[in-house]
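Scroll down for the structure; my scribbles are underneath it.
The values are calculated or read from the model by the stated rules, or taken from the named source; none is laboratory data. If you're wondering where the values come from, they're calculated on a predicted model, not measured in any experiment. Please note: Cβ atoms are built from the backbone with ideal geometry, for glycine as well, and neighbour counts cover all protein chains shown. Accessible surface areas use protein heavy atoms only, side chains included; no ligands, DNA or RNA. Shrake-Rupley method; radii C 1.70, N 1.55, O 1.52, S 1.80 Å.
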Amino acid sequence: MEARQHTLSRPMSLSGVGVHTGAEVTVTLRAGPADSGVVFIRTDIQDRDNRLPATGEAVVQTRLGTVLGNAAGVTLSTVEHLMAALNALAIDNAIVEVDGPEMPIMEGSSQPFVELLDRAGREWQDAPRRYIEIIEPVEAVEGEARATLTPAPRFEVAFEIEFKSAAIGRQSVDLAIDEASFRAEIAACRTFGFAHEVEVLRKMGLARGGSLENALVYDGDVLLNPEGQSRADEPVRHKVLDAIGDLYLLGAPLLGRYEGFRAGHGVNNALIRALLSRPEAWRTRVFDEAGGA
(Lines give C-alpha, C1' and ligand atoms only; values in the text may rest on other atoms or scores of the structure.)
Protein backbone atom coordinates (compact mmCIF):
# COMPACT_ATOMS: atom_id res chain seq x y z
CA MET A 1 0.00 0.00 0.00
CA GLU A 2 1.20 3.52 -0.78
CA ALA A 3 2.14 5.41 2.38
CA ARG A 4 2.04 8.97 1.04
CA GLN A 5 -0.22 11.01 -1.20
CA HIS A 6 0.62 11.86 -4.80
CA THR A 7 -0.05 14.71 -7.17
CA LEU A 8 1.19 15.61 -10.67
CA SER A 9 4.72 16.72 -11.48
CA ARG A 10 3.79 19.13 -14.28
CA PRO A 11 0.69 20.52 -16.03
CA MET A 12 -0.56 18.61 -19.05
CA SER A 13 -3.49 19.12 -21.46
CA LEU A 14 -5.54 17.27 -24.02
CA SER A 15 -8.49 18.17 -26.24
CA GLY A 16 -11.40 16.24 -27.70
CA VAL A 17 -15.12 16.44 -28.34
CA GLY A 18 -17.87 16.13 -25.77
CA VAL A 19 -20.03 13.11 -26.50
CA HIS A 20 -23.29 15.05 -26.08
CA THR A 21 -22.53 18.58 -27.29
CA GLY A 22 -20.10 17.52 -30.00
CA ALA A 23 -18.10 20.65 -29.11
CA GLU A 24 -14.33 20.73 -28.72
CA VAL A 25 -13.22 20.86 -25.09
CA THR A 26 -9.77 21.14 -23.53
CA VAL A 27 -8.76 19.60 -20.21
CA THR A 28 -5.68 20.69 -18.27
CA LEU A 29 -4.45 18.73 -15.28
CA ARG A 30 -2.44 20.54 -12.62
CA ALA A 31 -0.93 19.64 -9.27
CA GLY A 32 -3.17 19.95 -6.24
CA PRO A 33 -2.05 20.56 -2.63
CA ALA A 34 -1.98 17.69 -0.15
CA ASP A 35 -5.35 16.70 1.29
CA SER A 36 -7.25 18.74 -1.34
CA GLY A 37 -8.50 15.78 -3.39
CA VAL A 38 -9.58 16.10 -7.01
CA VAL A 39 -11.25 19.41 -7.91
CA PHE A 40 -12.73 20.21 -11.32
CA ILE A 41 -12.86 23.85 -12.44
CA ARG A 42 -15.08 25.06 -15.31
CA THR A 43 -12.76 27.73 -16.76
CA ASP A 44 -15.42 28.85 -19.25
CA ILE A 45 -17.53 30.13 -16.33
CA GLN A 46 -16.33 33.26 -14.52
CA ASP A 47 -19.50 34.90 -13.14
CA ARG A 48 -20.14 32.44 -10.29
CA ASP A 49 -18.56 29.58 -8.38
CA ASN A 50 -16.98 27.30 -10.99
CA ARG A 51 -15.37 24.74 -8.69
CA LEU A 52 -16.67 21.18 -8.52
CA PRO A 53 -15.06 18.94 -5.88
CA ALA A 54 -15.05 15.30 -6.97
CA THR A 55 -17.24 13.85 -4.22
CA GLY A 56 -20.15 11.47 -4.12
CA GLU A 57 -22.36 14.14 -2.59
CA ALA A 58 -21.67 16.45 -5.56
CA VAL A 59 -23.22 14.02 -8.06
CA VAL A 60 -26.42 15.57 -9.42
CA GLN A 61 -27.25 13.28 -12.36
CA THR A 62 -26.31 9.76 -13.45
CA ARG A 63 -28.47 8.91 -16.45
CA LEU A 64 -25.88 9.31 -19.21
CA GLY A 65 -22.74 9.37 -17.10
CA THR A 66 -21.66 10.79 -13.77
CA VAL A 67 -22.43 14.51 -13.55
CA LEU A 68 -21.05 16.78 -10.82
CA GLY A 69 -22.80 19.97 -9.78
CA ASN A 70 -22.49 22.76 -7.24
CA ALA A 71 -24.83 25.19 -5.45
CA ALA A 72 -24.29 27.81 -8.18
CA GLY A 73 -25.86 25.50 -10.75
CA VAL A 74 -22.56 24.72 -12.50
CA THR A 75 -22.27 21.14 -13.77
CA LEU A 76 -19.72 18.93 -15.47
CA SER A 77 -20.58 15.65 -17.20
CA THR A 78 -18.79 12.35 -17.79
CA VAL A 79 -16.06 12.60 -15.17
CA GLU A 80 -15.83 8.84 -14.56
CA HIS A 81 -13.21 7.92 -17.19
CA LEU A 82 -10.66 10.40 -15.83
CA MET A 83 -11.56 9.51 -12.24
CA ALA A 84 -10.85 5.84 -13.00
CA ALA A 85 -7.38 6.71 -14.31
CA LEU A 86 -6.64 8.93 -11.29
CA ASN A 87 -7.78 6.14 -8.97
CA ALA A 88 -5.72 3.41 -10.60
CA LEU A 89 -2.57 5.53 -10.94
CA ALA A 90 -2.82 6.68 -7.30
CA ILE A 91 -3.22 10.42 -7.92
CA ASP A 92 -4.78 11.76 -4.74
CA ASN A 93 -4.75 15.50 -5.41
CA ALA A 94 -5.27 17.28 -8.73
CA ILE A 95 -6.86 20.36 -10.24
CA VAL A 96 -8.72 19.59 -13.46
CA GLU A 97 -9.50 22.64 -15.59
CA VAL A 98 -12.20 22.13 -18.24
CA ASP A 99 -13.42 24.79 -20.68
CA GLY A 100 -16.84 23.25 -21.36
CA PRO A 101 -19.80 21.44 -19.78
CA GLU A 102 -18.51 17.91 -20.27
CA MET A 103 -15.27 16.00 -20.31
CA PRO A 104 -14.03 14.93 -23.75
CA ILE A 105 -15.05 11.39 -24.58
CA MET A 106 -11.82 10.73 -26.53
CA GLU A 107 -12.11 7.13 -27.82
CA GLY A 108 -14.49 6.10 -25.04
CA SER A 109 -12.11 4.68 -22.45
CA SER A 110 -9.59 5.77 -19.81
CA GLN A 111 -6.54 5.08 -21.98
CA PRO A 112 -6.05 8.67 -23.21
CA PHE A 113 -6.17 9.90 -19.60
CA VAL A 114 -3.68 7.23 -18.49
CA GLU A 115 -1.32 8.45 -21.21
CA LEU A 116 -1.88 12.06 -20.13
CA LEU A 117 -1.05 11.19 -16.52
CA ASP A 118 2.06 9.35 -17.64
CA ARG A 119 3.24 12.48 -19.44
CA ALA A 120 2.42 14.66 -16.43
CA GLY A 121 4.37 12.41 -14.07
CA ARG A 122 3.68 11.67 -10.42
CA GLU A 123 5.10 13.41 -7.36
CA TRP A 124 5.15 12.36 -3.70
CA GLN A 125 3.57 14.67 -1.14
CA ASP A 126 4.37 14.97 2.54
CA ALA A 127 1.02 13.71 3.77
CA PRO A 128 -0.21 10.21 4.61
CA ARG A 129 -2.40 8.43 2.07
CA ARG A 130 -5.73 7.51 3.65
CA TYR A 131 -7.64 4.41 2.57
CA ILE A 132 -11.29 3.60 3.16
CA GLU A 133 -11.43 0.07 4.55
CA ILE A 134 -14.79 -1.71 4.36
CA ILE A 135 -15.57 -3.53 7.61
CA GLU A 136 -19.29 -4.28 7.13
CA PRO A 137 -21.27 -5.09 3.96
CA VAL A 138 -23.15 -2.24 2.28
CA GLU A 139 -25.62 -2.65 -0.59
CA ALA A 140 -27.57 -0.49 -3.04
CA VAL A 141 -30.40 -1.85 -5.20
CA GLU A 142 -32.42 -0.23 -7.98
CA GLY A 143 -34.80 -2.64 -9.69
CA GLU A 144 -32.74 -5.50 -11.13
CA ALA A 145 -29.49 -3.57 -10.66
CA ARG A 146 -27.46 -3.92 -7.49
CA ALA A 147 -24.02 -3.17 -6.11
CA THR A 148 -22.32 -4.18 -2.88
CA LEU A 149 -19.18 -3.40 -0.92
CA THR A 150 -17.78 -6.11 1.36
CA PRO A 151 -14.54 -6.47 3.36
CA ALA A 152 -11.38 -7.49 1.49
CA PRO A 153 -7.66 -6.90 2.10
CA ARG A 154 -7.25 -5.15 -1.28
CA PHE A 155 -9.38 -3.40 -3.90
CA GLU A 156 -11.34 -5.97 -5.89
CA VAL A 157 -14.03 -5.47 -8.52
CA ALA A 158 -16.43 -8.11 -9.84
CA PHE A 159 -19.10 -7.25 -12.40
CA GLU A 160 -21.78 -9.06 -14.34
CA ILE A 161 -23.94 -7.78 -17.18
CA GLU A 162 -26.69 -9.40 -19.22
CA PHE A 163 -28.16 -8.10 -22.49
CA LYS A 164 -30.57 -9.63 -24.98
CA SER A 165 -28.16 -8.77 -27.79
CA ALA A 166 -26.31 -11.92 -28.83
CA ALA A 167 -23.26 -9.75 -29.49
CA ILE A 168 -22.99 -9.12 -25.72
CA GLY A 169 -25.12 -11.68 -23.88
CA ARG A 170 -24.04 -12.49 -20.34
CA GLN A 171 -20.53 -11.42 -19.34
CA SER A 172 -18.66 -11.35 -16.04
CA VAL A 173 -15.22 -10.40 -14.80
CA ASP A 174 -13.53 -10.54 -11.39
CA LEU A 175 -10.23 -8.71 -10.81
CA ALA A 176 -7.95 -7.41 -8.10
CA ILE A 177 -7.43 -3.79 -9.16
CA ASP A 178 -4.05 -2.12 -8.98
CA GLU A 179 -2.15 0.03 -11.44
CA ALA A 180 -0.77 -2.94 -13.39
CA SER A 181 -4.09 -4.76 -13.76
CA PHE A 182 -5.91 -1.55 -14.67
CA ARG A 183 -3.42 -0.73 -17.41
CA ALA A 184 -3.45 -4.26 -18.82
CA GLU A 185 -7.06 -5.33 -18.34
CA ILE A 186 -9.35 -2.29 -18.08
CA ALA A 187 -7.99 1.11 -19.21
CA ALA A 188 -8.53 0.69 -22.97
CA CYS A 189 -12.01 -0.88 -22.78
CA ARG A 190 -14.51 1.42 -24.47
CA THR A 191 -17.98 2.54 -23.58
CA PHE A 192 -20.85 0.91 -25.47
CA GLY A 193 -24.44 1.50 -26.48
CA PHE A 194 -27.15 0.58 -28.93
CA ALA A 195 -28.07 2.20 -32.23
CA HIS A 196 -31.71 2.76 -31.26
CA GLU A 197 -30.61 4.57 -28.08
CA VAL A 198 -28.31 6.87 -30.07
CA GLU A 199 -31.18 7.81 -32.39
CA VAL A 200 -33.40 8.73 -29.43
CA LEU A 201 -30.65 10.78 -27.80
CA ARG A 202 -29.95 12.72 -30.98
CA LYS A 203 -33.61 13.62 -31.29
CA MET A 204 -33.25 15.07 -27.79
CA GLY A 205 -30.25 17.13 -28.89
CA LEU A 206 -27.76 14.79 -27.18
CA ALA A 207 -25.03 12.39 -28.38
CA ARG A 208 -23.97 14.92 -31.03
CA GLY A 209 -20.35 13.90 -30.55
CA GLY A 210 -21.01 10.18 -30.36
CA SER A 211 -19.64 8.00 -33.15
CA LEU A 212 -18.07 4.63 -33.87
CA GLU A 213 -14.75 6.33 -33.09
CA ASN A 214 -15.60 6.75 -29.40
CA ALA A 215 -17.98 3.91 -28.53
CA LEU A 216 -18.90 0.34 -29.35
CA VAL A 217 -22.34 0.52 -30.98
CA TYR A 218 -24.60 -2.50 -31.36
CA ASP A 219 -27.58 -2.78 -33.68
CA GLY A 220 -29.54 -5.71 -32.30
CA ASP A 221 -27.19 -8.70 -32.45
CA VAL A 222 -24.63 -6.96 -34.67
CA LEU A 223 -21.64 -4.84 -33.65
CA LEU A 224 -21.36 -1.90 -36.06
CA ASN A 225 -17.70 -1.07 -35.38
CA PRO A 226 -15.64 -2.45 -38.28
CA GLU A 227 -12.58 -2.96 -36.06
CA GLY A 228 -14.53 -5.17 -33.66
CA GLN A 229 -14.05 -5.44 -29.92
CA SER A 230 -10.60 -5.38 -28.35
CA ARG A 231 -11.74 -8.27 -26.13
CA ALA A 232 -14.71 -10.60 -26.27
CA ASP A 233 -15.85 -9.18 -22.92
CA GLU A 234 -14.95 -5.53 -23.55
CA PRO A 235 -18.42 -4.27 -22.48
CA VAL A 236 -18.31 -5.73 -18.97
CA ARG A 237 -14.72 -4.55 -18.56
CA HIS A 238 -15.85 -1.03 -19.37
CA LYS A 239 -18.47 -1.33 -16.62
CA VAL A 240 -15.60 -2.17 -14.27
CA LEU A 241 -13.83 0.98 -15.50
CA ASP A 242 -16.91 3.07 -14.75
CA ALA A 243 -17.20 1.59 -11.26
CA ILE A 244 -13.54 2.32 -10.49
CA GLY A 245 -14.11 5.93 -11.51
CA ASP A 246 -17.39 6.33 -9.66
CA LEU A 247 -15.99 4.82 -6.46
CA TYR A 248 -13.10 7.30 -6.40
CA LEU A 249 -15.72 9.95 -5.64
CA LEU A 250 -15.45 8.62 -2.09
CA GLY A 251 -12.33 10.79 -1.98
CA ALA A 252 -9.91 7.99 -1.11
CA PRO A 253 -8.87 4.60 -2.44
CA LEU A 254 -10.81 1.56 -1.26
CA LEU A 255 -9.75 -1.54 0.61
CA GLY A 256 -12.72 -3.73 -0.10
CA ARG A 257 -14.59 -5.74 -2.71
CA TYR A 258 -17.13 -4.16 -5.05
CA GLU A 259 -19.63 -6.43 -6.80
CA GLY A 260 -22.00 -5.07 -9.43
CA PHE A 261 -24.84 -6.74 -11.30
CA ARG A 262 -26.34 -4.67 -14.11
CA ALA A 263 -25.22 -1.66 -12.11
CA GLY A 264 -24.79 1.78 -13.63
CA HIS A 265 -23.72 5.18 -12.39
CA GLY A 266 -26.93 5.66 -10.42
CA VAL A 267 -26.50 2.49 -8.37
CA ASN A 268 -22.81 3.26 -7.87
CA ASN A 269 -23.63 6.68 -6.47
CA ALA A 270 -26.36 5.22 -4.27
CA LEU A 271 -23.78 2.77 -2.93
CA ILE A 272 -21.36 5.61 -2.13
CA ARG A 273 -24.07 7.52 -0.29
CA ALA A 274 -25.14 4.38 1.58
CA LEU A 275 -21.56 3.80 2.72
CA LEU A 276 -21.05 7.39 3.84
CA SER A 277 -24.31 7.25 5.81
CA ARG A 278 -23.02 4.25 7.77
CA PRO A 279 -19.78 5.25 9.54
CA GLU A 280 -19.78 1.92 11.36
CA ALA A 281 -19.33 0.11 8.03
CA TRP A 282 -15.87 1.54 7.26
CA ARG A 283 -12.76 3.03 8.80
CA THR A 284 -9.78 5.08 7.66
CA ARG A 285 -6.43 3.29 7.32
CA VAL A 286 -2.93 4.63 6.74
CA PHE A 287 0.25 2.66 6.10
CA ASP A 288 3.93 3.23 6.82
CA GLU A 289 6.67 3.18 4.19
CA ALA A 290 7.13 -0.56 4.69
CA GLY A 291 3.46 -1.19 3.95
CA GLY A 292 2.42 -1.84 7.54
CA ALA A 293 -0.65 -0.28 9.10
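The heavy atoms of Val200 offer some 80 square angstrom of accessible surface to a 1.4 angstrom probe.
Provide the FRET efficiency to the nearest 0.05 for the Val200-Thr55 pair, computing r from the beta carbons and using R0 = 22 Å. Computed FRET efficiency for Val200 and Thr55: 0.10. Near the amide H of Thr21, within less than 5 Å, lie the amide hydrogens of Arg208, Gly209, all on another chain or at least 5 residues away, with H placed in the peptide plane. The residues of the stretch 132-189 present an accessible area of 49 Å² per residue when probed at 1.4 Å with all protein chains retained.
Here the label points at Glu136 and Arg48, each 7 Å from Cα along the C-beta direction, are separated by 3.9 nm in the simple model. Take Tyr258: with every protein chain present and a 1.4 Å probe, its accessible area is about 0 Å². For the residues Glu197, Glu102, a 1.4 Å probe over the protein chains yields an accessible-area ranking, largest first, of Glu197, Glu102. For the chain, leaving out every one of the trypsin sites (Lys or Arg not before Pro) that falls in a DSSP loop and has at most 11 other Cβ atoms within 10 Å, the longest unbroken run is 165-293. With 0.36 nm allotted per residue and the present C-alpha distance subtracted, the Asp35-Ala23 stretch has 1.0 nm of extension available. One Cα centroid belongs to the stretch 96-115, the other to the stretch 139-198; the line between them spans 20 Å. Among Ile45, Ile135, the sequence by solvent-accessible area, most first, with a 1.4 Å probe is Ile135, Ile45.
From the protein chains alone at 1.4 Å, what is the descending order of accessible area for Glu107, Glu24, largest first?
Details: Glu107 60, Glu24 120 Å².
Most to least solvent-accessible, the answer reads Glu24, Glu107.
What length, rounded to one decimal in nm, is gained on full extension from Ser9 through to Arg170, with 0.36 nm per residue of separation minus their alpha-carbon distance? Walk me through the numbers before you get to the answer.
Working: separation 161, 0.36 × 161 = 57.96 nm, distance 4.19 nm.
Gain on extension, Ser9 to Arg170, equals 53.8 nm.
Available extension along the chain between Glu280 and Trp124 is 53.1 nm, counting 0.36 nm per residue and deducting the alpha carbon span. Each residue, Glu213 and Asn225, gets one label point 7 Å from its Cα in the Cβ direction; the gap between the two is 1.5 nm. Find how many whole Å separate the alpha carbon centroid of the stretch 249-266 from the alpha carbon centroid of the stretch 1-29. Cα centres, the stretch 1-29 to the stretch 249-266: 21 Å. Estimated from helical segments only, the mean residue ellipticity of the chain at 222 nm is -5500 deg cm²/dmol, where each DSSP H run of four or more residues counts as -39500 (n - 2.57).
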